[in-house]
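Structure, as structure tokens:
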Amino acid sequence: MTHPTPGTPETPSGATRAPLAEGEAPESTPLERVKKAYDLVSDVVSPKTIGIVVAALAIIVAGLVGGWDTVEAVDKDVPTVEAGTPLATGPFEVTLLRAYSTDGIKPAIYPAQGKRYLVVVAAIKASGTEPQWANQLRDVITLSAPGLDQKAIQPTVYRLSDGKIAGQAQPSMTTEVVCVWEQRSSAPIPPTAQLRVDQRSWRQSTLDGSFKRLDPDPIAVVDLPITQLDRP
Amino acid sequence: MIRASRETLLTILLIVAALAVGNVITARLPKADEVANLPFVHTAALGVPVTMRTGTFAVTKVDASPIVGTQLDTAVTGGLFLVLTVDVTASGEPLYPASDDLRIVASDGREFGGRPPVREVCGPAQPGLTLTCMLPVEITPDALAGSRLRLPAANRDIVGPGESEYAEIDLGISADAAAELAGRTTPILLAKPTVKGK
Amino acid sequence: MDADAPSVADEPATPRHATADRRWWDRNKLWLLLLAPLLALALAASGFRFARLYVPWNYTRPQVTAGTTLTFNQDWAYQAKLKGHRQATLTVVSVRTAESEDGRKAAPGAILYRIELEFSAAPDVLMEGCKVFLLGPDGTMYGRGSGTVDLPGAMPGFSLSCVPRDAPGPSIDAVHDVIKTSERERPATWRVVESIALPEGVKPTQVRVQWDPPDYALLGVGS
């Protein structure tokens, strides 16, 4: 059965094709197949609706396979290192050396009622090319011990060479410092000083645009045996 | 369905190209911030006075020792204290020279300085009267040769931008002089700031 | 029919674009009126860089007299927690050279000046924390603690006493953030003495007295 063709059939691009011979079906390109399928539903849905449906399906399917679950924080294993290992913390390279407990070492660390001092000796060397405030050690070293005042600004950092309060550590130069924490004397002296060392990155704060040492990231735990000093 | 005609494609390409070219141009042009923040640098040498907006400064002497002190206090370092004798003549109003903000800059770019463990507070320098101060800087001996002093015109304001005017004073320390300075061991007593008579 | 499509009845003298302009103005009247205030707000919002120009952190407002007496008025605030008003009559009693004052004498190349001032204020006015300067002919400021040498054995005062030592009147308790006042009421009038060393050859022409920024007082030195 032939269907009378009303003139030359036109393809969508406007170019004309040779007229069909009798019985020959038009070549069905992929585009034309899609067009045919679309024609079937074009009275019900528009391309926009189809797009929305496909996007919604994608979101739902992603959720079904766990794409929208909370990402678990990766629990890093913080390695325990030996005393004397240099650790890169950001502002300095820190080497934790020894720990003591004492009731006071005059004249720098004054004995006081109800207080005991936990002392850690460390060597620091400013990384980079500029001096770094030694009390940044407060941001990279945390001591776990009972009886510490969590709200106090500690430790206090002194220079080992002359007992003065540590100011800035110079680059390329190793300075030995003494970090002093105050502990309530009613708390027991722990057998070891457990110190967690964090590293921080120097970046712009998203809050106010200033550069700060942010993102504390634990890199090591050091256990220093505590020697009791009896000197008053 | 969107039919991407030749015209549309060409327009898209032109827009992307224009954005890319604009990006490259703005990245290469100097920004207002960079120009506004260019520092005012005055170069000088040991013994040569340099005038900045806050006053006139001259480094007259360089000494070194591992031990420095005042009458009340002593500091010891494993490296070296470089002690600079500086003459300060303020202009306009009394001045505390920027003794904590100054830096000794080594030839490889390392900077040394900051609040020293002992000091005799330098200042206030009265306009028209020259004040002589001794300023210690903790440094490693290998940074001495070819080092220079970067002295800001004033102390850093707590609020506001950092100081942008400073003097770069070549301390004239040759390698031999550096070795000799590094070998000094006599403790240095920091004198109280004194006013130089005319 | 579209109201502004040209028809035969329209006057040929009304060009089409003029009518369109008028409609544009009508449509956008509100936003055009708001344009100026919004621009001003945008400029103010980007003015953070110039905070130092409008925040009163510097001494920028002098109260000047060529004579030796001035009634000084300013508002003060302490860390946004406390505030008050300071009204005082300041008088320059004398500005004279002196051999020594308060355990100090002039360093070589300098001359010591003794400045005597009289302050007069109600007993509840906060008057602590003042600073006194001498100004030279070119406006250079000269202050205390410089250009002087301690006399042997003397204990010079550390800072200027702006109020009588035994009856200072109100002061700020920085620990508790309150104003506390001395037991003895401060007298209505009292004297303040400051000593400042000037380089030889520089004669003081004005006395500057200040407490909190931005206001300060400038008085003449008298005869």
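Laboratory data are not the source of any read-out in this text; all were calculated from the coordinates shown. These numbers come from a predicted model, not from an experiment. Quick reminder, even Gly has a Cβ in these numbers, built from the backbone with ideal geometry, and neighbours come from all protein chains shown.
For peptide C:188-198, compute the average count of partner chain beta-carbon atoms within 10 Å of each residue's beta-carbon.
If you average over the peptide's residues, the count of other-chain Cβ atoms is 1.
Give the distance, in whole Å, between the Cα centre of segment A:75-116 and the Cα centre of segment B:86-162.
Segment A:75-116 and segment B:86-162 have Cα centres spaced 32 Å from each other.
Where does each of B:140-147, B:36-43 land if you order them by average Cβ count within 10 Å, highest first? Mind showing how you got there, number by number?
Working: B:140-147: 20.1, B:36-43: 11.4.
My ranking of the peptides, most packed first, is B:140-147, B:36-43.
With n ≥ 4 as the cut-off for DSSP H runs, can you work out [θ] at 222 nm for chain C, using -39500 (n - 2.57) per run divided by the number of residues, rounded to the nearest 500?
It lands at -4500 deg cm²/dmol.
Please give the average number of partner chain Cβ atoms lying within 10 Å of the Cβ of each residue in B:67-79, rounded to a whole number.
Taking all residues of B:67-79 together, the mean is 3.
Using a 10 Å cut-off on Cβ to Cβ distances, tally the other chain neighbours for every residue of B:95-107 and report the average as a whole number.
Mean inter-chain Cβ contacts per residue within 10 Å come to 1.
For chain C, give the share of DSSP beta bridges that are antiparallel, in percent and rounded to the nearest 5; count only bridges with both residues there.
95
Most exposed first by the Cβ proxy, i.e. fewest other Cβ within 10 Å, how do C:59, A:158 rank?
Details: C:59 14, A:158 22.
Neighbour counts put them in this order, fewest first: C:59, A:158.
Dividing the convex hull volume of the Cα atoms of segment A:115-228 by its residue count, what figure in Å³ per residue is obtained? Can you show the working numbers first?
Values: hull volume 13.8 nm³, N = 114.
So the per-residue hull volume is 121 Å³.
With a Cα-only, solvent-free Debye model of segment C:64-120, what are the log10 I(q)/I(0) values at q = 0.19, 0.23, 0.25, 0.30 Å⁻¹?
Debye intensities relative to I(0), on a log10 scale: -0.80, -0.88, -0.94, -1.13.
Just grab the label-to-label distance for residue C:33 and residue C:58, each label 7 Å out from Cα along the Cβ direction, in nm (one decimal).
Spacing of the two 7 Å Cα→Cβ label points: 4.1 nm.
For segment B:120-193, just run the numbers: alpha carbon Rg, then divide by 2.2 N^0.38 Å, N being how many residues it has.
1.36
Going by amide H atoms built from the backbone, whose H comes under 5 Å of the H on residue C:109, apart from near neighbours?
B:198
Separation between the residue C:82 and residue A:85 pseudo-spin-labels, each 7 Å from Cα along Cα→Cβ, expressed in nm?
5.4
Mind checking which of A:121, A:157, A:104 is farthest towards the positive end of segment A:80-228's charge dipole, using Cβ charges of +1 (Lys, Arg) and -1 (Asp, Glu) about the Cα centre?
A:104
Got a sec? Charge dipole of segment C:27-118, +1 on Cβ for Lys and Arg, -1 for Asp and Glu; which of C:64, C:108, C:36 is way out at the positive end?
C:36
For a protection proxy built on the mean count of beta-carbon atoms within 10 angstrom, sort B:182-188, C:214-220 highest first, please.
C:214-220, B:182-188
Which whole-number percentage describes the relative contact order of chain B, with Cα contacts under 8 Å and a sequence gap of 6 or more?
Dividing the mean separation by the residue count of chain B yields 25 percent.
Radius of gyration and Dmax for segment C:59-220's Cα atoms, expressed in Å?
Just the Cα atoms of segment C:59-220 yield Rg and Dmax of 16.3, 48 Å.
Mind ranking A:111-119, A:93-101, C:124-132 by how tightly packed they are, going by the mean number of other C-beta atoms within 10 angstrom, highest first?
A:93-101, C:124-132, A:111-119
Under Stokes-Einstein, with the Kirkwood radius over Cα pairs standing in for Rh, what whole-number D in µm²/s applies to segment B:39-196 at 37 °C and 0.692 mPa s?
210
Quick one: which of A:115/B:192; C:83/C:131; C:83/C:105; C:131/C:180; A:115/C:81; C:105/C:131 span more than 28 angstrom between C-alpha atoms?
Too far apart for the 28 Å limit: A:115/B:192; C:83/C:105; A:115/C:81.
By how many degrees, between 0 and 90 and to the nearest 10, does the Cα long axis of helix A:30-41 differ from the longest principal axis of chain A?
Helix A:30-41 sits at roughly 90 degrees to that axis.
Among B:64, B:52, B:96, which residue has its Cα furthest toward the positive end of the charge dipole of segment B:39-196, with +1 on Lys/Arg Cβ and -1 on Asp/Glu Cβ?
Value computed over the given set: B:96.
With bins 20 Å wide starting at 0, give me the P(r) of the protein assembly as shown over every alpha carbon pair, in whole percents.
Pairs per bin, as whole percents: 12, 30, 30, 15, 10, 3, 0.
Hey, what's the Kirkwood Rh for chain A if you take every pair of different alpha carbons, in angstrom?
24.0
Could you work out the relative contact order of segment A:80-228? I mean the mean sequence separation of Cα pairs under 8 Å and 6+ apart, divided by the number of residues, in percent.
Relative CO of segment A:80-228 lands at 29 percent.
Helix-derived [θ] at 222 nm for chain A: sum -39500 (n - 2.57) over DSSP H runs of at least 4, divide by residue count, nearest 500? Provide the component values of the computation, followed by the final result.
Working: 3 runs with 34 residues, N = 232.
It comes out at -4500 deg cm²/dmol, rounded to the nearest 500.
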